[in-house]
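The values are calculated or read from the model by the stated rules, or taken from the named source; none is laboratory data. Keep in mind that this is a model prediction, so the values were computed, not measured. Here Cβ is always computed from backbone atoms with ideal geometry, including for glycine, and neighbour counts include all displayed protein chains. In case anyone asks, the SASA skips ligands and DNA or RNA and just uses the protein heavy atoms, side chains included. Shrake-Rupley method; radii C 1.70, N 1.55, O 1.52, S 1.80 Å.
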Amino acid sequence: MEGDCLSCIKYLMFVFNFLIFLGGSFLLGVGVWVLVDPTGFREIVAANPLLFTGVYIILGMGGMLFLLGFLGCCGAIRENKCLLLFFFMLILLIFLAELAAAILAFIFREHLTREYFTKELKRHYQGYNNSDVFTSTWNAIMTTFDCCGVNSPEDFKDSLFRMINQNHVVPEACCQRASQPAESAYISQEQCLSGNMMFRNNKGCYSAVVDYFELYIYVAGALAIVVLTIELFAMVFAMCLFRGIQ
C-alpha cells in the first residue's frame, strides 16, 4: 500500500511539474511576443525602462519555471532526493516572490487610477521631447491606441504641454492618421493641433488601453492563481516524495 501511495505521489508530481513546464513556456512566449510584436506595443515597452526591464523579468521567470518543471519531472521519475530538494527550495523562492509581487500590486493599486495618470500627464508630459522617457512613452501609447490624454483631449488644459506649446491645443500624437497614402500621414495636422475635434482622436487612453487589455487582464489574473496553486501542490508532493524515498 505504501509503495502504491508513493508511486501515485510520484506521478502526480510529474503531472504538476509538467504543468509548471508549460507555464514557463507560456511566459517565455509572452516575453518573446512583446519584444517582436509588430503592432506597436514593443515601442511602448522600449520607451519605458521600467516596462522594458519587466519584459526581461518575464523572460527570466519563464526560463526558470521552464527549467524547474524539467528538473521536477526528472526528480520525480528518477526518485532523486537531491533534485527534489533543489526543486523544492527554488520553487519556494519563486512562490514567495510571486506572492510578494501580488501583495505589492494590491497595496499600490491606487497608482493605477485615472486621477493619478491625469495628474502625472499634466505635470510631466512635454509633447515633442522624445529624449524624455515619460513623454516618448505617452506619445507611443497615444499613437498605438489612437487615443488622446488619459480621459480626453481636455486633459491637456492647464498642463505643462500647453505652457511649452501655447499654440497647440493637443499634441501631434493625438492627430488622426490617414490610411492612405502612408500610415504616418495625418488627415489634417494643422486643424488637429488647433483643436478641431474632427481631425483628432477624442477617446481617452485610459479607456482605450483598458478595453484592449481587459480580456488579457482577467486571463492573466486567473492564470496567476492557477500557477500559484500548481506550485503549492508541487511543493507538497515534492516533500512527500522526498520523505518517502529510502
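Would a scan of segment 19-34 turn up a residue that is open to solvent by less than 80 Å² (accessible area, probe 1.4 Å), at pLDDT below 75, more than 18 Å from C240 (Cα to Cα) and part of a helix (DSSP H, G or I)?
There is at least one residue in segment 19-34 that is open to solvent by less than 80 Å² (accessible area, probe 1.4 Å), at pLDDT below 75, more than 18 Å from C240 (Cα to Cα) and part of a helix (DSSP H, G or I).
Within segment 224-246, take every residue that is open to solvent by 40 Å² or more (accessible area, probe 1.4 Å) and in contact with a Phe, Trp or Tyr (Cβ under 8 Å, 6 or more places away or on another chain) and give me the one that is nearest to L99 (Cα to Cα). Give the steps one after another, and end with the answer.
At the first step, the residues of segment 224-246 found to be open to solvent by 40 Å² or more (accessible area, probe 1.4 Å) are 224-226, 228-229, 232-233, 236, 239-240, 242-243, 246.
Narrowing further to those that are in contact with a Phe, Trp or Tyr (Cβ under 8 Å, 6 or more places away or on another chain): 228, 232-233, 239, 242.
Numbers: L228: 8, L232: 11, F233: 15, M239: 20, F242: 25 Å.
Across segment 224-246, the extreme among qualifying residues is L228.
Out of E98, E120, which single residue is in the same structural domain as I187 (by the TED database), surrounded by 14 or more Cβ atoms within 10 Å (Cβ to Cβ) and of a type in the set (D, E)?
Just a single option satisfies the conditions, and that option is E120.
Restricted to segment 58-78, and to residues that are within 17 Å of V15 (Cα to Cα) and touching a Leu at 6+ places or on another chain (Cβ under 7 Å), which residue is modelled with the highest pLDDT?
Let us first name the residues in segment 58-78 that are within 17 Å of V15 (Cα to Cα), namely 65-78.
This time we only want the ones that are touching a Leu at 6+ places or on another chain (Cβ under 7 Å), so: 65-66, 68, 71, 74-76.
Values: L65: 78, F66: 83, L68: 79, L71: 78, C74: 79, G75: 77, A76: 75.
Top of the filtered list is F66.
For segment 157-180, give me each residue that is outside any loop (DSSP other than H, G, I, E, B) and either out of contact with any Pro (no Cβ under 7 Å at 6 or more places or on another chain) or not assigned by the TED database to the domain that holds F199 (or both). Step through it out loud before you land on a result.
We begin by selecting, within segment 157-180, every residue outside any loop (DSSP other than H, G, I, E, B); these are 160-164, 172-175, 177.
Within segment 157-180, L160, R162, M163, I164, E172, A173, C175, R177 qualify.
Identify the residue in segment 181-209 that is open to solvent by 60 Å² or more (accessible area, probe 1.4 Å) and part of a helix (DSSP H, G or I) and, among all such residues, is modelled with the lowest pLDDT.
Taking segment 181-209 first, the residues open to solvent by 60 Å² or more (accessible area, probe 1.4 Å) are 181, 183-184, 187, 189-191, 194, 197-198, 202-203, 206.
So of that shortlist, the ones also part of a helix (DSSP H, G or I) come out as 189-191, 197-198, 206.
Working: Q189: 80, E190: 84, Q191: 85, M197: 84, M198: 86, Y206: 89.
Restricting to residues being open to solvent by 60 Å² or more (accessible area, probe 1.4 Å) and part of a helix (DSSP H, G or I), the top hit is Q189.
For the subset of segment 127-156 comprising residues that are part of a loop (DSSP other than H, G, I, E, B) and at pLDDT 90 or above, which member is most open to solvent (accessible area, probe 1.4 Å)?
N151
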